[in-house]
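The next block holds one structure in the form of C-alpha cells; read it before the comments.
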Amino acid sequence: MRPAARADAGRARRRWRGPDLWDGVTLAGFAVLALLVLWPLGQLFRASFHAEFTGEFGLSNYATFFGSRYFRAALWNSLAISALSALGALAVGLPLAVVMARRRIPGGGAVRILIVLSLMSPPFIGAYAWIILLGRGGVLTRWAQAAGVDLPSIYGPGGIVFVSVLQLYPLVFLLAYGALQRIDRSLEEAAAILGRRPANAFLTTAFPMMRPAVVTGALLVFLAVLSDFGAPILLGENFEVLATLAFRLYLSEVGGEPAMAATTSVLLVALAGAAILLQRLLLAGRSHAGDSTVAPPERRALRGAAERLLLPAFAWGVVLVANLPLLVIVYTSFLETRGPVFGEAFSLMSYRTVFATVGRAVTNSLTFSALALALIAVAGALLGYLLARRDTAATRALDALLMIPYVIPGTVLGIGFITAFNAPPLYLTGTVAIIVVAYFIRRLPYMVRAAAAIVYQVDRAVEEASVNLGAPPLRTFRKIMLPLMAPGLLAGATLAFVEVINELSATVVLYTGRTVTMPIATYSQVIGGAYGTAAAVASLLVLVTGLALAVFNLVGGREDRMSL
Amino acid sequence: MADISIRGAVKRFSGQEALKRLDLDIRSGEFFTLLGPSGCGKTTLLRLIAGFHEADEGRLAIAGEDAGHLPPWRRETGMVFQNYALFPHLSVFDNVAYGLRQRGLPRAELAARVHEALARVRLGPFAARMPEQLSGGQKQRVALARALVIRPRVLLMDEPLSNLDARLRIDLRRDIRLLQQELGITTVYVTHDQEEALAVSDRIMVMEAGEIRQIGTPHAIYDAPEHVFVAGFIGACALLPGRVRGGALEIAGARLPPPAPLPEGAEVTLALRPQDLALAEGPGPDRLAGRVRLASFLGAQTRLTVALDAGGEVEADLPRGADGRLPARGAPVHLAPLGGPLFDARPGPGQGRRLA
Ligand SMILES: Nc1ncnc2c1ncn2[C@@H]1O[C@H](COP(=O)(O)OP(=O)(O)O)[C@@H](O)[C@H]1O
Ligand SMILES: [Mg+2]
C-alpha cells in the first residue's frame, strides 16, 4: 500500500524548528477521528456489554443474540448473501474483464462506460427497479404469466444476491481489467513460445498476477453487501440480515432495543474487520504485479462463429441487464400512476407530486452533499499530503485509524452517532450537522487515499525547489502542491459527491422530517407504495449522479481510479 | 558573491554519522566540486548548505554570516536538482519567474530578468513551452536559469548531468562552467564522475564515507593524491601492496629503491598510473614481471593490461612503436616502475595517508 520510496523520503525532511502546520493537521486528524469514529464506536461497544433492561455489565446481550434462532439466522443470512454475491460478482466480472481486455468486442468503449454507470447508480434504486420489473404484479412477471411461465420471485435472498451482483460486479471488473492491462505482453508471449497453447499461457501467466485484483474485488463486494441496507430492506421481506436487524432493533415502534442494536452493530463491524484481515492475509507479501508502463497484450479480433456470437452477446447482455434499472426508473417516472400501479399514458404528475410533497428532499440532498463535499475536499487534501510526506509514528497511527470508517456499515455509523451525540455538549440528534458529518467521515478515507496517491507521484525535489527559491512551506503547498493536486482532488470530490448524495443506510437512522433526503424520499415512497413518486425522485437522483459523472470525466478522472 | 565556511559539521541519520566533523572553506567565486562514490555524503553536505538538513553539530557561515539557523527559504541559494524538479504545471517562463515573484519584483523588471536568464541558457524561444515539451538537456537549462535568475549568493548543483546522455553531459558541463565564470558565482557542484570533476572545477573535495580525503585543484588531486583513496578513485591507477625490507621496497616480487627513508617493516601501498610504467627489455630485480592480458590501441598510445606473476594487475601505457605492433596476448613482459605515490597500509588512524 505504501511505496517503498516513501520511508526514505519521509525521513529526508524533518521540520524546520518548532511545530508547524502539519503538526496541527496531525493533531486535528486525530481529534476528528477520535470524535467521529472512536467515540461513537466505543459507545456502541460499551452499550453492547450492558444488559438491555437491567443495564447490568456482562455478556448477556451476546448470550441473547447467539441464543436466539432469529438473531443467529440474521448473522448467517448476512454471511450467505455477502459470500454468494462476491462469488456471483467474480463469475460475471472476471470473464467480462478477460473478454474486454483480450478481444475486440463491437462497441467495446460503450460497454466499458455502461459498466461504470451501473456501479454508480444507487443500489436501492436497482432493487426498486427490479421490483417494478419482477415484483408481484411486475411488468415482466405479468408478461410471463400471460405466456404461462412462472418467473422466480425477486423477493428474498435470491433477489438480493441477483441485484447486488448486477450492481457490484463492476468492482471486480475494474480491478481485474486494470491488472490485465498491467501485465506485459512479453510474459504471455514467452509462455506461448515455450509451447503453451494460448488459453493455457493465459492461465499460467496472467491469472496468477490477477490474484490481488480477484481477492480485493471479492472483498469489496463482500463488504458492500454485508453493509448494504437498501436492497435487503426493499427485497428481504421476512429475510433479515444484520444491517436491517440493527435498524429495526434500534428504531422499532415499540421503543426499540438499543443494547441489542448495539450488539448487532458490533458483530457487523467485527465481521467486516475480519473480512479485511482475511484479504490482508491472502495478499501478504505480494505487491501488485506489473506496472503501468508495460505494453499490454493486444486485443485480438473475434474469430469463428461461436466467438462472434457468444462474446458480444455476453458483454452486451451483462451491461444491458445491469443498466435496465436506470431505464425502468426514468421511463416509469413519466407514467401516470395510481399508488403502485402504473398507467399507460405519459404524464408529469409524479414530478408535480415530488415538488409538492418532498421538494425539500431535493434541496436538502444538494445542500448536505455540497457541505460534506467541501469538508471532505479540504480535510482530504491536507491529510493526504500529510500521510504521503511525513512518515512518523503519529502519521502511521492516523493512517491505520483512517481504515476504520471503511468497515463501518452506514447503519452502524448512524446508530453510533445517535448514541454518542444525544447529550450536551454534543446534542446533534436530528440536526443537519449530524448528517453532514456522517457523510464526511464515511467518504473521507477515500479522498485521503486519492490525495495521497497524487502526492506520491510528485517528486519531493519539486517542493524543495520552491522552498529554495524563497517560498516558505505553506506558500509552497499553495502554489505548487495544490495546483498539482487539483485535478485529482476534483475527480475524487465528484465521486464522493455521487456516493454521498445516494447515501441511504446512515441517513435512514439519522434523518427527521426536516432533514429528509432524496434517497430517503425514494425509500419511503416505495415503502408507502407510491411507486410513481419514488421513480420521479430516483430519476432526479440519477440525473444529479449523471451530471457529477460528466464533471468527473471532464476533469480527467479515470475509470480505474473509481474503485479507489 | 559569497564564500562558505564550514566548521566541525556533523550530520547523523538515526545515529549513523553521514558527515564526520567536516571543516572546509569555499572561496568566493570558485567552482568547488564535491566528488566521491555514491553514499559518501555529498548530497547531505549540499543540502546542509541549502538548509534542507540542519547540522547536528558545527557551524556554517555564508559570506561571513552565520547561516546554520536560517530556514532554507531565506538562504538565498540557488539549487539545481538531479531530476530537474521543474514545476510541471508552470510554463518555462513561469518556472524561471517563480523565485522573482516570491521577491515581489515589479512586472517589467521581472520579465526583463526572466528573458535575460533564458537567453543566457539559450532558451529564449522556449519561454512559452511547458516542461513536458522539453528534452532533458533543455529542462536542466531551465532549472539552471531558474536558480540563477534570483542572483543567489551561491549556486548548488546535485549531480545535474547524471540523467543526460554522454554527449549532452559534455556540452552542458561546458555551458555550466562558462556561465559560472562569466557570472563569477560561487558554485558547489556534486558529482560522482571524476572526469567531470576534473574538467570543470577550480577545486575538488574528494570524500569517502563522510570524511574529507583531499581538497585541491584538479592538478593536485590527480598528480599529488594525499590519500590512497584519492589515488584509486581518480583516473586509472593500480594499487600494489608492499613492505619495506632491508632498506628496499618489496612490491609484487620486485625490490625498488624507496623514494624516501622509511622504517624497516613498514606496510605500504604503491599507486601506479599507466604512464608511470615503462616496458623494459628484460627481467631485473627492480622490474615487475607478468603476462599481457589485453592490449588496447588508444591512438596516441597503447594500453597494456598485465597480470603480474606475483598476483594483481597493472595497466601500462606504451608510446606508439615505430612498427605499430601490439604485444600478443599471453606474451611475457617486464615493466619498470618510474615511481608513484606511496601510502601507509598499516591498519590504524593513519591508514591510507601519503608517506612519500
Ligand atoms: N534522509 C536520510 N535518512 C537516512 N539516511 C540518509 C538520508 N539521507 C542520506 N542518508 C545516508 O547518508 C549517507 C550519505 O548519503 P548521501 O549524502 O545521499 O550520499 P551521496 O549523495 O554522496 O550519494 C548514506 O549512507 C545515506 O544512506
Ligand atoms: Mg547524492
What Kirkwood radius, in Å to one decimal, follows from the Cα pairs of chain A? 25.3 Å
With only alpha-carbon atoms counted, please give the Rg and Dmax of segment A:35-120, in Å. 22.4, 66
Between the chain alone and the structure with every protein chain in place, find the residues of segment B:34-53 that drop at least 30 Å² of accessible area; heavy atoms, 1.4 Å probe. B:ARG47, B:PHE52
Dimensions of segment A:353-439 along principal axes (Cα, Å, largest first)? 55, 27, 25
Thinking of segment B:236-344 as a set of Cα atoms, what percent of all their pairs are more than 22 Å apart? 29 percent
Might you tell me the accessible area per residue for segment B:236-344, computed with a 1.4 Å probe and given in Å²? 51 Å²
Principal axis extents for segment A:386-544, Cα atoms only, whole Å, descending order, please. 65, 38, 24
Taking each residue of A:479-488 in turn, how many C-beta atoms of other protein chains fall within 10 Å of its C-beta, and what is the average? 2
Per the 1.4 Å probe, what fraction of the accessible area of segment B:140-269, in percent, lies on carbon and sulfur atoms? 52 percent
Cα radius of gyration and Dmax for chain B (Å): 24.6, 79
Tell me which of B:TYR222, B:LEU24, B:PRO152 sits at the most positive position along the dipole axis of segment B:2-230, charges placed on C-beta atoms (Lys, Arg +1; Asp, Glu -1). B:PRO152
Let a ≥ b ≥ c be the square roots of the eigenvalues of the Cα gyration tensor of segment A:71-332; is it rounded (a/c under 1.5), or, if not, prolate (a/b larger than b/c) or oblate? oblate
Ignore the peptide's own chain and count Cβ atoms of other chains within 10 Å of each Cβ in B:147-156; give me the average, rounded. 1
Based on the Cβ-Cβ distance of B:MET130 and A:LEU151, what FRET efficiency does E = 1/(1 + (r/R0)^6) give at R0 = 60 Å, to the nearest 0.05? 0.55
Over all pairs of different Cα atoms in segment B:75-198, the reciprocal of the mean inverse distance gives a Kirkwood radius in Å of 14.5 Å
Please report the antiparallel percentage of DSSP beta bridges with both residues in chain B, rounded to the nearest 5. 75 percent
Per residue, in Å², the accessible surface of chain A once ligands and nucleic acids are set aside, probe 1.4 Å: 43 Å²
What does the charge dipole of chain A about its Cα centre add up to, to the nearest 20 debye, if the Cβ of each Lys and Arg holds +1 and the Cβ of each Asp and Glu holds -1? 1380 debye
Quick check: from the Cα gyration tensor, does segment A:8-156 come out rounded (a/c under 1.5), prolate or oblate? oblate
Cα-based equivalent ellipsoid of segment B:124-184: semi-axis lengths in Å, sorted from largest, via gyration tensor: 18, 16, 10
Could you report the buried accessible area between B and A, both sides summed, computed with a 1.4 Å probe and given in Å² to the nearest 100? 2300 Å²
Hey, any idea what % of chain A's accessible area is carbon plus sulfur with a 1.4 Å probe? 67 percent
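The values are calculated or read from the model by the stated rules, or taken from the named source; none is laboratory data. None of the values given here were measured: they were computed from a predicted structure. Positions of Cβ are backbone-derived with ideal geometry, glycine not excepted, and every protein chain shown enters the neighbour counts. In case anyone asks, the SASA skips ligands and DNA or RNA and just uses the protein heavy atoms, side chains included. Shrake-Rupley method; radii C 1.70, N 1.55, O 1.52, S 1.80 Å.
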